[in-house]
1. Please indicate, with yes or no, whether at least one residue in the range C:90-98 is without any contact (Cβ under 8 Å) to a residue 40 or more places away in the chain and either within 16 Å of the chain's Cα centre (by Cα) or facing chain B (nearest Cβ under 7 Å) (or both).
2. Mind telling me which of the residues A:A126, A:A93, A:A148 ends up being more than 9 Å from chain B (Cβ to nearest Cβ) and under 28 Å from A:I322 (Cα atoms)?
3. Please list, ordered by residue number, the helices (runs of 4 or more DSSP H) wholly in the range A:1-115 having 3 or more residues that are under 18 Å from the mean Cα position of the chain (by Cα).
4. Taking the range B:28-38 on its own, how many of its residues are closer than 20 Å to A:W138 by Cα, touching a residue at least 12 places away in the same chain (Cβ under 8 Å) and not aliphatic (A, V, I, L, M)?
5. Name the residue, out of C:I4, C:I82, that is at the interface with chain B (Cβ under 7 Å from one of its Cβ atoms) and assigned to a loop (DSSP other than H, G, I, E, B).
6. Do any residues in the range A:115-133 that are closer than 15 Å to A:L170 by Cα have Cβ atoms under 8 Å from those of residues that are assigned to a helix (DSSP H, G or I) and among the acidic types (D, E), where the two are at least six apart or on different chains, and which pairs are they?
7. Would you mind stating whether C:L65 is surrounded by fewer than 23 Cβ atoms within 10 Å (Cβ to Cβ) and either within 7 Å of chain B (Cβ to nearest Cβ) or assigned to a helix (DSSP H, G or I) (or both)?
Amino acid sequence: MIETLVIPLIKIVIVLNAVLVSVTYMVLLERKVIAWVQVRLGPMRVGPYGVLQPVADAIKLMIKEDITPTRADRWVFTAAPIIVMVPALIVFAVIPFGSEVELFGRTIPLYITDINVGLLYIVSVASIGVYGIILAGWSSNSKYPLLASLRASAQLISYEVAVTMTLVSLVLMGGTLSMVGFVHAQHEAGVWFLFAQPVAFVVFFIGGLAETNRAPFDMPEAEQELTGGFHTEYSGMRFALFFLAEYANMIVVSAVGVTLFLGGWLRPFANVGALAFLDLVPSWIWFLGKTFVFLYVFLWIRATLPRYRYDQLMRLGWKVLIPIAIANVVVTGALRVLL
Amino acid sequence: MGEAIAFYTLAALILGFAVLVVSAKSTVHSVLFLVLTFLFVAALYVTLQAEFLAVIQVLVYAGGIVVLYLFVVMLVNLKRQPETHADPHRRSRLGLALSGLVLAELAAIAMYGSASSPAASGAASAPEVTAMGGNVEQVGWLLYTDYLIPFELASMLLLVAMIGAIVLAKREL
Amino acid sequence: MTEITPTHYMLLSAALFMIGVIGVMVRRNIIIILMSIELILNAVNINLVAYAAEQQNVVGQVFALFVVAVAAAEAAVGLGIILAFYRNKETVNIDEMNLMRW
């Protein structure tokens, strides 16, 4: 009873709180990083060095007036932000944050659950997230959001194919579909899959950028295009949900990338005994550190690269990334059979 | 006991949302109810120990096919109003009567036929398949040994369907 | 009634099948008709998976997987046909799709 109900509930509460707090502070981090790249300081007024800026943002968004367009479809209009946010959060149920920890005499694994189709679960939940975007644009009953949402969802489903193909080649390397199994497979192989599958990592990273609508693929939500994209008609807390869902998706892609390519919670050189002093650092700190590095690269790219035009974006997805990913699967399969 | 609660809840939800699919006034609402039906069918597969099929159901059906339906509905709805109920009631009453008859017949067959259920043993591949690990390994093993040719044919079918859909929907070749 | 036998699943599958058949017969919007066909296919899948679970043999699940693949192909081509027709005749009501009637 305790194992099956109470402990997972506590873990869920901790993970949800941690994710939501990190998402709000990601906003501040992004503004700071972009500011430093542009040789300025970013938010500095609210709190010391601008640390309380997310609190101010949250209060502002919550007290804003909640407008629903007159002829919009009210149920779908209200449900769309929820449909975008929920998949971003429930993916955290299968991500392993660390190996094991000893508390109150029990050995508690640091993941909420480990299903044997974990990787497919993540991909399928991500494909549900597309609905929120389509429905947000449609239910606004207005031309610009509808066209922007069709563009955004077309972008998402195109890059989903490329990302899923890279995950297939990873499954060939790891031999399992469960996320915890991937970390163990990297431990046994002695090498992070980043070095075994560099092409897959590059394709996954670019696909992850496009899946989360991040620059340079953020055409659907840029203010200069289509008057603000699919969340034009949303204001107040509902807009905040879209905003937060995007950052939550970023954290999801980083966490999944870290688990699959960067060894999850393993320390660097996990099989080398001479470096065992690195084990003093707990496994979840390694995981969080690697995720943070991943996230920082996301922000760095946003600050640096210009935006892709829509047809360039679709050409890149269909004509470049998908053939490369499929070729990667074929080569990986051939090498696994021959070696 | 828990299994019974799960089954009856999921069955009620599946049938409820299926009825809403067929009877909703706005096409987009129909599509949304279809997504919910598929999600609950996937949950039913999980209770039947078919996890791989459950995630494939969500990934392919709910996350792929219905997105396609939603796109087409929106492209078609751009100029027209949502479909109003222009059905003559005579046709719907006749349809309901006939379907009720067939359903009663199927129920009778199911309940009285199960009294003498054939205790058929599984296919010859059952013993070695269950020696595999989980559900995914079992399905994969069957797909790549006994049913390899249907597997390849299915991929050919999907390729042909993809080309056909592109050719049909393009504006100019 | 607390023992869930394959008969229960078969009744659920039959009911879902009939709801799909009602949808095909009664509605006039071609997209809703295609969605009712998807309901029919799902009903068949439920039946296959239930018997696969009862006989502890995953052949039923493999069959259901093929049904999903074929349904995907059929949905893609069907919607392509609808789009091509809509571009010519501006309607999705099957009562008006009578170009080849005598």
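The values are calculated or read from the model by the stated rules, or taken from the named source; none is laboratory data. These numbers were taken from a predicted model, which means no experiment stands behind them. Cβ placement follows ideal geometry from the backbone for every residue including glycine, while neighbour counts extend to all protein chains displayed.
1. No, the conditions are met nowhere in the range C:90-98.
2. Unique residue meeting the criteria: A:A148.
3. Passing ranges, in order: A:7-37, A:74-90.
4. Of the residues in the range B:28-38, 1 are closer than 20 Å to A:W138 by Cα, touching a residue at least 12 places away in the same chain (Cβ under 8 Å) and not aliphatic (A, V, I, L, M).
5. C:I4
6. The qualifying pairs are A:V117/B:E51; A:V123/A:E160.
7. Criteria not met by C:L65.
Residue-by-condition table, conditions (1) surrounded by 23 or more Cβ atoms within 10 Å (Cβ to Cβ); (2) facing chain C (nearest Cβ under 10 Å); (3) without any contact (Cβ under 8 Å) to a residue 12 or more places away in the chain; (4) touching a Phe, Trp or Tyr at 6+ places or on another chain (Cβ under 9 Å):
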{"position": "B:E3", "(1), (2), (3), (4)": "no, yes, no, no"}
{"position": "B:Y8", "(1), (2), (3), (4)": "no, yes, yes, no"}
{"position": "B:V21", "(1), (2), (3), (4)": "yes, yes, no, yes"}
{"position": "B:S26", "(1), (2), (3), (4)": "no, no, no, no"}
{"position": "B:L44", "(1), (2), (3), (4)": "yes, yes, no, yes"}
{"position": "B:Y61", "(1), (2), (3), (4)": "yes, yes, no, yes"}
